[in-house]
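Take a look at the structure set out below.
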Amino acid sequence: MTCPRCDHSTIAVMATSPVPDVWELLRCARCGYAWRTTEPARRTTRAAYPKVFQLTQADIDAAVEVPVVPEQ
Amino acid sequence: MERTRLMAYDDLRAFLAELDKNGQLLSISEEVTAEPDLAAAANAVSRVEGSPALYFDNVQGFRDAKIALNVHGSWPNHALALGLPPDTLVREQVEEFARRWENFPVPPVRRVSPPWAENTRTGDEVNIFDVLPVFRLNDGDSGFFLDKAAVVSRDPTDPGNFGKQNVGIYRLEVKGPRRLGLQPAPMHDIAIHLQRAEESHEDLPIAIAVGNDPAITLAAATPMAYDQSEYELAGALRGEPAPIATAPLTGLDVPWGSEVVLEGVVEGRKRELEGPFGEFTGHYSGGRKMPVVRVDRISYRTNPIYESLYLGMPWTELDYLIGPATCVQLYQQLKADFPEVQAVNAMYTHGLLAIISTKTRYGGFAKAVGMRAMTTPHGLGYCKMVIVVDAEVDPFDLPRVMWAMSTKVNAAADLVNLPNLSVLHLDPSSEPAGISNKLIIDATTPVPPDRRGRFEQAVHDLPETGDWVRRLQAVRKGKP
Ligand SMILES: [Zn+2]
């Protein structure tokens, strides 16, 4: 399994369902995309994830700071 | 209209009970999924008659999750939040909001033993996921957001100043058991606090109150001056002092009746990818590098109610939450310079478009009113289009506004296109982001020396029409 949004392969488990074995909340170590394993495929699989929301490392690097950190 | 039926709610639960009593709370007891059901239901409810609040207590995989959505999301709900009869007309709700604001400031009352003190976790024992059943709203959202919490911070250079303590609603992305992303737009008060902390290489203490009485949320959603206290506005809106309590870790003032209180710091000089998130513009925000919050303490009622709101394509709950406050703020600022201004309807996308009715003293006056709207504090980030109509046109009556636009406007002289002005970054049409032309549409009747058009022979309501409205309504209700 890779991140639906950026295709990165390091995924962490952020939380598990209070009722055991129903779902997990996962989070991508690179882009921070988070999802619940029971969500529809369009949110949980790379293949079905909409192109318009996909991210690359270059996109992440290019993201602007809001607000800008003040000068030293 | 009965305007005195003031009813103050001390917490979210009291207000949910009142909504229920008025048929404005829909409880869904069958099992639903966290996604996509919760957001889809909240997205759908605006199309259901009365647009009631929603309450879910049976969510797949959770044991005790209780979720309230759309609490402010209709005119009846907004009226009840102000203690007004649920059938109060929109314009009357806005006018009543303005009248109560005139009682500002109403100092809060400090109370002990807040119900959220029942349970506490600190340090690495903090786990937001154990307490709040967070869920995704829209497909392109980067994750799970708290989007209706009151975020409290102080000016680090003036920490004793109660007025400069800010209570605002800023979106928070849940990034881990005790880690959040925070969106402070540069024009927001919390961004000023953060900048001052970061200039001295410090973290900014904050408290995040989830699940609040409806007046606190209305006040937190209101654009106020930097040194004005939202708690003192909440008191004015509810007609009695707002109950507050001291947050145990940070000493910040938080609502006494909250369901959950998170405390911690915005980590100084740190930025991390946040978003995208489907925003009130009906478009996604894009991903930006934004500040990060470390949560050091969580306090909560046993089985807390998680209050959240759906936003996306307007109208959504957020528009009811922010619309009236935006109208009142703009109205007050305009009225201070131009007593001729009658009413302001700035409820469209937080006032990116505003409609102002005014008397016109001389030719060109309406255009000056439009320009002034753009230079108010709120207008600097909004008011991309201002439609100015005559005093007789109710700006909340959109068919009348369209009548004024269609008959009074001649593009030869009634459009003012102002280049390269400031607008909020989230406006998807701005280019570059944050810069846009702004447009005044003068839909008032030209007055001398601006002599244009042929408006001398206007048709007016018959003098007897008002009487007949009342007579026909009485007949319809079956009364003599
Ligand atoms: Zn990723």
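The values are calculated or read from the model by the stated rules, or taken from the named source; none is laboratory data. None of these values were measured; they are calculated from a predicted model. Counting neighbours? That spans all protein chains shown, and the Cβs are built from the backbone with ideal geometry, glycine included. Areas reflect the complete protein model, heavy atoms only, side chains present, ligands, DNA and RNA absent. Shrake-Rupley method; radii C 1.70, N 1.55, O 1.52, S 1.80 Å.
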Semi-axis lengths (Å, descending) of the ellipsoid that matches the C-alpha gyration tensor of the protein assembly as shown: 40, 28, 24
Between 0 and 90°, nearest 10: helix B:189-199 axis offset from chain B longest Cα axis: 50 degrees
Quarter of the Cα convex hull surface for the range B:338-453, i.e. its orientation-mean projected area (nm²): 6.8 nm²
Residue mean of other protein chain beta carbons inside 10 Å, B:282-291: 4
Shielding of B:57-67 by partner chains, average beta-carbon count, 10 Å: 3
Whether the range A:11-62 is rounded, prolate or oblate, judged on the alpha carbon gyration tensor where a/c under 1.5 counts as rounded: oblate
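Could you sort A:35-41, B:103-109 so that the peptide with the highest average Cβ count within 10 Å comes first and the rest follow in order? Before the final figure, lay out the partial values.
Working: A:35-41: 18.1, B:103-109: 15.9.
Result, highest mean Cβ count within 10 Å first: A:35-41, B:103-109.
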Peptide ranges B:17-30, B:245-258 listed from the most packed, as the mean C-beta count within 10 angstrom indicates: B:245-258, B:17-30
Using θ = phi - 60° and Karplus 6.51 cos²θ - 1.76 cosθ + 1.60, couplings along the range B:460-467 (whole Hz; Gly, Pro as x): 10, 3, 5, x, 7, 5, x, 4
Relative packing of peptides B:174-183, A:52-61 - highest average C-beta neighbours within 10 Å first: B:174-183, A:52-61
FRET efficiency, 1/(1 + (r/R0)^6) with R0 35 Å, evaluated for B:Arg99 and B:Thr465 via beta carbons: 0.80
The range A:11-62: relative contact order in percent, alpha carbon pairs under 8 Å with at least 6 residues between: 22 percent
Per-residue HN-Hα couplings for the range B:75-90 [Karplus 6.51, -1.76, 1.60; θ = phi - 60°; Hz; x = Gly/Pro]: 5, x, 5, 4, 4, 5, 4, 8, x, 9, x, x, 8, 4, 4, 4
Shielding of B:138-147 by partner chains, average beta-carbon count, 10 Å: 5
Rounded tilt (10° steps) of B:365-375 against the dominant C-alpha axis of chain B: 10 degrees
Under 15 Å, Cβ to Cβ, from B:Ala443 - net charge with Lys/Arg +1 and Asp/Glu -1: -2
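Considering only DSSP beta bridges whose two residues both sit in the protein assembly as shown, what percent are antiparallel, to the nearest 5?
For the protein assembly as shown, the DSSP antiparallel bridge percentage is about 75.
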Computed FRET value (nearest 0.05) for B:Glu118 with B:Leu398, which takes r as the C-beta separation and R₀ as 41 Å: 0.30
Percent RCO, i.e. relative contact order, over chain B, from Cα pairs under 8 Å lying at least 6 residues apart: 15 percent
Isolated Cys in the protein assembly as shown, by beta carbon distance under 4.7 Å: B:Cys327, B:Cys383
Ranked order, B:Phe62, B:Phe455, B:Phe135 - accessible area, probe 1.4 Å, largest first: B:Phe455, B:Phe62, B:Phe135
Estimated FRET transfer efficiency (A:Glu24, B:Ala40; beta-carbon r; R0 22 Å; 0.05): 0.55
Tilt relative to chain B, helix B:12-21 - C-alpha long axis, 0 to 90 degrees, to 10: 50 degrees
Cα-based shape type of chain B, given that a ≥ b ≥ c are square roots of the gyration tensor eigenvalues and the cut on a/c is 1.5: prolate
